[in-house]
């Protein structure tokens, strides 16, 4: 998730079916009810009945469960970035760090896959893919580069759209994953195939850093799992026995992490390097990829089991998690460039670690709020109507709507004259 080790980069009812996302991050919407059109009354004339406008379709409601999950996951992301410089203060801090890094991005990516299920090559969806993912990637890659030049006093830092720096890797990965969605729908064994690709990537040091393909390929299985998840799968995790079981599972994961902290390279959790690049034999890449995939899926299931199903005070923030994700990176990296953790030694004390955790949670929460989203919408959700041609389907729909409006106006004028 982070690229700090490398200068270039990191109620009980069934859940609703997924709908097509309308913003850069997958938009969890619950389906609106499609009430039948009321039949015209017998006293109404055919002309009047035909001219009556159809009732407006009910607005789709966002599903609180997924918004809650996205918000809680992004808070864990920010906390993890705040903990990274503190992992050398003791095994407990490093164990917490490793446990969170096992599942926070897999959970995020699985949700992204779930809400990419309806993606195809339809023109309107391709436009949203460009404006909601590709354009923010370019803008933030450039912004991060200029920020590094200024904050790290590094005027030679190049702008490279092929080498994502820090947090922008997720945007380019999501762009590639979503483009491949139609392919995963036609293969016979999509998840095993995605796992095989991830394993091969982990033992292929020659892949290089272009487009952060190591991360794209090694995180791919979580996206593919999300593509084939169903509402009943998430509902299964809401069973009481699953929620109770999640507690000892998390406790066990923390115990294992505490044991592994001094023995294991945490770079395995970033999925950005091959086994050989981490100084391990090639077969370690196979073992670690499969082991981490299993551990990540178990902890992700435990995480989902404890995500609130009802609306909470933070539910509305789930729509702005990409804002919080990208914007908090400036503060996270700035704290390293400006040496805050070295200048304030008390941050390495237990109460300082708690303080850093709370600050990270508060900052990323504020960055997900509607006012911040309004300010930065030009970069995160640009409309860019000027950049695209209108396809034949949209033009035909507009012509049909225009004719219907003219007929309605004429009917209304005739009715008023007869009265």
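Values for this structure:
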item	result
Any hit, segment 206-216, residues being at positive phi and buried (at least 16 other Cβ atoms within 10 Å of the Cβ)	yes
Flag for residue 97 being over 14 Å from the mean Cα position of the chain (by Cα), assigned by TED's automatic domain parsing to the domain that holds residue 158 and surrounded by 23 or more Cβ atoms within 10 Å (Cβ to Cβ)	no
Cross-chain or 6+ apart pairs with Cβ under 7 Å, segment 199-226 first and in the same structural domain as residue 180 (by TED's automatic domain parsing) and closer than 19 Å to residue 112 by Cα, then surrounded by fewer than 20 Cβ atoms within 10 Å (Cβ to Cβ) and modelled with pLDDT of 95 or more	216/176; 217/197; 220/197; 221/191; 221/195; 224/190; 224/191; 225/191
Filter result for residue 262 (loosely packed, with under 14 Cβ neighbours inside 10 Å and outside any helix (DSSP H, G or I))	yes
Filter pass, residue 168 being assigned by TED's automatic domain parsing to the domain that holds residue 322, in a helix (DSSP H, G or I), under 24 Å from residue 387 (Cα atoms) and modelled with pLDDT of 90 or more	yes
Matching entry among 127, 91 (being surrounded by fewer than 19 Cβ atoms within 10 Å (Cβ to Cβ) and under 25 Å from residue 289 (Cα atoms))	91
Lone unmet requirement of (1) crowded, with 20+ Cβ neighbours inside 10 Å; (2) modelled with pLDDT under 95 for residue 296	(2)
Residue 343 vs. criteria modelled with pLDDT under 90 and within 29 Å of residue 153 (Cα to Cα)	yes
Checklist (1) surrounded by 17 or more Cβ atoms within 10 Å (Cβ to Cβ); (2) farther than 18 Å from residue 324 by Cα applied to residue 162, failing item	(1)
Residue match in segment 394-410 (condition: modelled with pLDDT of 90 or more, in a helix (DSSP H, G or I) and surrounded by 14 or more Cβ atoms within 10 Å (Cβ to Cβ))	no
Residue count, segment 200-236 (criterion: within 18 Å of residue 176 (Cβ to Cβ) and outside any loop (DSSP other than H, G, I, E, B))	21
Given (1) surrounded by fewer than 20 Cβ atoms within 10 Å (Cβ to Cβ); (2) modelled with pLDDT under 95; (3) in contact with a helix residue (DSSP H, G or I) (Cβ under 7 Å, 6 or more places away or on another chain), index of the condition residue 365 fails	(2)
Breaking point among (1) under 27 Å from residue 63 (Cβ atoms); (2) modelled with pLDDT of 95 or more; (3) under 23 Å from the mean Cα position of the chain (by Cα), for residue 192	(1)
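Quick grid of which residues meet (1) part of a loop (DSSP other than H, G, I, E, B); (2) closer than 21 Å to residue 226 by Cα; (3) assigned by TED's automatic domain parsing to the domain that holds residue 265:
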site: 284; (1), (2), (3): no, no, yes
site: 287; (1), (2), (3): no, no, yes
site: 298; (1), (2), (3): no, yes, yes
site: 307; (1), (2), (3): yes, yes, yes
site: 310; (1), (2), (3): yes, no, yes
site: 317; (1), (2), (3): no, no, yes
site: 330; (1), (2), (3): no, no, yes
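The values are calculated or read from the model by the stated rules, or taken from the named source; none is laboratory data. If you're wondering where the values come from, they're calculated on a predicted model, not measured in any experiment. Heads up, the Cβs are rebuilt from the backbone with ideal geometry, glycines too, and the neighbour counts pull from every protein chain shown.
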